Amino acid sequence: MNFKFIFSCLFLFFAEICNGQTSELPIIPAPANVVRGKGSFAVTTRTEIVYSNEQSRKKASILADYFKKNYNLKLALKKKREDSEINTINFVWEDRPEAEKEAYLLSVKPGLISISGDDAGLFYGLQTLLQMMSSKDGKVSIACAEIVDKPRYPFRGIMQDVGYHIYPISFIKSQIEMLAKYKMNVYHWHLTEDHGWRIEIKKYPRLTSVGAYRASSPVSHYTDSLSGNDHLGYGGFYTQDEIKDVVAFAAERHVAVIPEIELPGHSLAALAAYPELACGDSPGPFKVAEQWGIYEDVYCAGKEQTFKFLQDVLTEVIDLFPATYIHIGGDECPKVKWKDCKYCQKRIQDNKLEDEFELQSYFVKRIEKFVNSKGKKIIGWDEILEGGLAPNATVMSWRNIEEGVKAARQGHDVVMAPMSHLYFDFIQGKRELEPLAIGWGYNTLPRVYAYDPTPGELTSEQKKHIIGVEAPIWTEHMDTHRKVEYMLYPRLMALSEVAWTQPERKDSISFFEQRLPVHLAQLDKTSRIYRVPEPIGILDTTYFGNEFKLELKAPVAGASIYYNFEGQDARETDFLYEKPIHIILHKGEKRQVKAIVVTPSGKRSLNTSALFINP
């Protein structure tokens, strides 16, 4: 029997993703509704930027600065009059109802641009406008379109751990800038861990003088005999002034910074500084953790001084962070020390608690009551469900999707962050070719894009409790900020479309083949590191037949694809892909194709290796 296979990128690369309708505009995340118009708006030195009030003036100023910095265009900025004028870009602030918060309208016509919305809506409309701009021969234009847009979820974020490894403030700001560009609005900052306390608390200076530094760090390697410790001191922390600076920087970009102060577990760094907070009469001494993992020494739930300490810490934290939520951790808390602690057992007896799980529930509820008294809400990892949870608490579902379903059915608001789809510390390709990462999970770019945070088994009323989505970035194996960038981009772009765009508007072909390549080409011109996707249209697998036609596409606009048949990794010395690759095999013949993407800046994808067999 004669077989002929024509492999297109639509079939090979995105088989797990449902396809929708495409849009030619390179906007990420895809807007709710787009109607393309004819022509474009030409930006000239006579173009004026017009604002309606003080709130809209700030957004208008951002655009004016953008034109000056990127195109050397100094455009006039002025207060709006009654009539709409030709050759103007108008920012119109509107007070929106709760259901329309962050929504915006963007109208681009040949002689007039208008963006309307509340404060956040104007900002997001501006981000869309910036993505629509094109420049050719020094002339700037914006394609005509009518866009009506609003987010699917109110909570759209990433979690950046700095407990295992700490990164400079400049990098934190760089991440926040990228979040804002893609309409993400939460930066969850994981500031305390067994391996380091990263936030200055003035009332307890030993938290940073002792708890912020460890004597040694693990050297990770897939070969156990080559793993070990570096025997070098490591640490650091953020001052309160630095934190205030980051929070203000984020607020200008409509990103809320949510701090995480781990309790009752993951607290060894705090116990190293203040050992009396552990179980027993004379606990300690402790040292900041020097091996990755979970530690049995945790805050004592039976001592009043534990709660006094945590309330003092949280008071300073709350004063620094204006966000609605305070994340209290609550995950991976061993109960071994509590079982043997007379103070914890007395607490269980006095409060008629069933066991140590209910003791943790008591701990969390007591902290929640204090946080609520300060006008804030708590959010915690899904273990806070164990033993019962106060109704005001929000659950961050990480262990699996089912924990989020359970929380929503109990009436709790839920942020979905399942490691099965959204842990960005999980590997993205062949383990032997990727930077070392967590050993048990793969979350590829298409897998992230395909994820739907709202479980289908929930009722329509329960689905309302799924308020958002978050991608955690744990950093045991990310000792440089460049590796964090590699793990974050371009998965962040996929996440933004998951968080913002309604499922029926998501379009895998448009995203991977049309829009993402444009954004990666822009990213390629910056100093940021990102993972270059493999060539579209070929996979690491085996295909059977006698004739094949490989139609490849570059995942980065302007990038080149090189390929060979010799079994060595493809490189620039090999064939340059310019037309479909035609492979003919006689009976019993085999052929291997290796292909690689090389971007304009010289960044390279991993090699893709496909084997073709005529059996």
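The values are calculated or read from the model by the stated rules, or taken from the named source; none is laboratory data. It should be emphasised that the depicted structure is a prediction, and the values quoted were computed from it without experimental measurement. Quick reminder, even Gly has a Cβ in these numbers, built from the backbone with ideal geometry, and neighbours come from all protein chains shown. The area values use the complete protein model at the heavy-atom level, side chains included, leaving out ligands, DNA and RNA. Shrake-Rupley method; radii C 1.70, N 1.55, O 1.52, S 1.80 Å.
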When the solvent-accessible surface of protein heavy atoms is calculated with a 1.4 angstrom probe, in what order do S114, S135 fall, highest first?
S135, S114
Whole-number accessible area per residue in Å² for the chain, which is evaluated in the context of all protein chains at 1.4 Å
42
The stretch 474-524: C-alpha gyration tensor shape, a/c 1.5 cut-off, then a/b vs b/c
oblate
Summing Lys, Arg as +1 and Asp, Glu as -1, what charge do residues with Cβ under 11 Å from the Cβ of E54 carry, E54 excluded?
+3
Calculate, in whole percent, how much of the Cα-Cα pair population of the stretch 77-209 lies beyond 24 Å.
49
How about K587: which aspartates and glutamates have a C-alpha closer than 13 Å to its C-alpha, ignoring those fewer than 8 places off in the same chain?
E547
If you build the convex hull over the alpha carbons only and average its shadow over all orientations, what do you get for the stretch 262-343? Give it in nm² to one decimal.
5.8
Quick check: with the 1.4 Å probe, what order do L436, L523, L226 take by accessible area, largest first?
L226, L436, L523
Would you calculate the volume per residue, in Å³, of the smallest convex hull containing every Cα atom of the stretch 475-599?
161
PRE reach from A42 (point 7 Å along Cα→Cβ): which of the stretch 129-154 fall under 15 Å by backbone N?
134-144
Heads up, the stretch 162-285 by the C-alpha gyration tensor (a ≥ b ≥ c square roots of eigenvalues; a/c under 1.5 rounded, else a/b over b/c prolate, else oblate) looks oblate
Could you pull the accessible area for H586 with a 1.4 Å probe, rounded to 10 Å²?
120
Can you send over the solvent-accessible area of R505, 1.4 Å probe, protein chains only, in Å² to the nearest 10?
50
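Looking at this model, which pairs from K150/K430; K69/K101; K308/K376 are more than 27 angstrom apart at the alpha-carbon?
Result: K150/K430; K69/K101 exceed 27 Å.
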Restricting attention to the alpha-carbon atoms of the stretch 102-163, what are Rg (one decimal) and Dmax (integer), both in Å?
15.0, 52
For the chain, the Rg and Dmax computed from alpha carbons only, in angstrom
26.6, 81
Calculate, in nm to one decimal, what K244 and E304 gain on full extension: separation in residues at 0.36 nm each, minus their alpha carbon distance.
18.6 nm
What do you get for the angle between helix 54-71 and the principal long axis of the chain? Use alpha-carbon atoms, 0 to 90 degrees, nearest ten.
50
Carbon and sulfur %, accessible surface of the chain computed with the full protein complex present, 1.4 Å:
51
Cβ-based net charge around P283, under 11 Å, with every Lys or Arg adding one and every Asp or Glu removing one:
-1
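Rounded if a/c is under 1.5, else prolate if a/b beats b/c, else oblate: with a ≥ b ≥ c from the C-alpha gyration tensor eigenvalues square-rooted, which is the stretch 434-531?
Note, shape of the stretch 434-531 comes out oblate.
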K59: which aspartates and glutamates have alpha carbons under 12 Å from its alpha carbon, excluding same-chain residues fewer than 8 sequence positions away?
D118, D119, E252
Which of the aspartates and glutamates could be linked to K464 by a straight reach, that is with a Cα gap under 17 Å, when you skip same-chain ones fewer than 8 residues away?
E98, E100, E402, E403, D413, D452
With the dipole of the chain defined by +1 on each Lys or Arg Cβ and -1 on each Asp or Glu Cβ, the option from I427, I401, I438 whose Cα lies farthest towards the positive pole is I427
Neighbour-limited loop hits for trypsin sites (Lys or Arg not before Pro), the stretch 184-236 (at most 15 other Cβ within 10 Å; DSSP other than H, G, I, E, B)
K202, K203
Could you give the length gained by full extension between V336 and K139, i.e. 0.36 nm per residue of separation minus their alpha carbon distance, to one decimal place?
64.1 nm
Considering only C-alpha atoms, what is the centroid distance from the stretch 127-184 to the stretch 227-288, in Å?
28
Cα-centred dipole magnitude for the chain, charges only on beta-carbon of K, R (+1) and D, E (-1), debye, nearest 20
1720
Farthest towards the positive end of the dipole of the chain, among L495, L389, I89 and with Cβ unit charges of +1 on Lys and Arg and -1 on Asp and Glu, lies the Cα of I89
I'd like the distance between the alpha-carbon centres of the stretch 338-383 and the stretch 532-549, rounded to an integer number of Å.
55
The chain, relative contact order [Cα under 8 Å, separation at least 6], %:
15
On the full set of protein chains, 1.4 Å probe, figure out the accessible area of L77 and give it in Å² to the nearest 10.
70
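Using a 1.4 angstrom probe with every protein chain in place, what is the largest-first accessible-area order of W189, W440?
Per-residue accessible area, sorted high to low, gives W440, W189.
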